[in-house]
1. Restricting to the range 62-71, what's the tally of residues that are free of Cβ contacts under 8 Å to residues at least 24 places away in the same chain and either over 18 Å from residue 27 (Cα atoms) or crowded, with 16+ Cβ neighbours inside 10 Å (or both)?
2. Taking the condition of being part of a loop (DSSP other than H, G, I, E, B) and among the charged types (D, E, K, R), how many residues in the range 44-77 meet it?
3. Kindly list, by first and then second residue, each pair from a residue in the range 12-26 that is touching a residue at least 40 places away in the same chain (Cβ under 8 Å) and under 16 Å from residue 69 (Cα atoms) to a residue that is of a type in the set (Lys, Arg) and part of a loop (DSSP other than H, G, I, E, B), limited to pairs with Cβ atoms under 9 Å and residues at least 6 apart or on different chains.
4. If you check residue 47 against the conditions, is it β-branched (Val, Ile, Thr), touching a strand residue (DSSP E or B) at 6+ places or on another chain (Cβ under 7 Å) and at pLDDT below 90?
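The values are calculated or read from the model by the stated rules, or taken from the named source; none is laboratory data. Everything numeric in this text was worked out from a predicted model, so none of it was measured. With ideal geometry, Cβ positions are generated from the backbone for all residues, glycine too; neighbour counts draw on all protein chains shown.
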Amino acid sequence: MGPDSESLRPFQEILFSRFLPNKTVLYLFGEEGGPLTSGLSVTEGKTGLNGQPTAYVCEQFTCKNPVNTPEEFEKMLEMP
């Protein structure tokens, strides 16, 4: 799976259809159930869920619980 994977497309469409001028997007790929490693502290302790694309939304140095469906991701972005 890569950043152009069909399984990521619904997440990308939701994310890039919104005006979020200060967003940072990271694509990380790891072994099933293993940690996602990038060398960046922001990714420390992050893992994928059930072998599916997993979204983490973080603000002010705090991340919300990860989600792995486009519907959950969309709701998360709408929350204050």
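1. So the first thing to find is which residues in the range 62-71 are free of Cβ contacts under 8 Å to residues at least 24 places away in the same chain, and the list is 62-69, 71.
Of the ones still in play, those that are also either over 18 Å from residue 27 (Cα atoms) or crowded, with 16+ Cβ neighbours inside 10 Å (or both) are 62, 66-68, 71.
The number of residues fulfilling the criteria is 5.
2. Of the residues in that region, 3 qualify.
3. If the second residue must be of a type in the set (Lys, Arg) and part of a loop (DSSP other than H, G, I, E, B), the pairs left are 15/23.
4. Spelling it out, residue 47 is indeed β-branched (Val, Ile, Thr), touching a strand residue (DSSP E or B) at 6+ places or on another chain (Cβ under 7 Å) and at pLDDT below 90.
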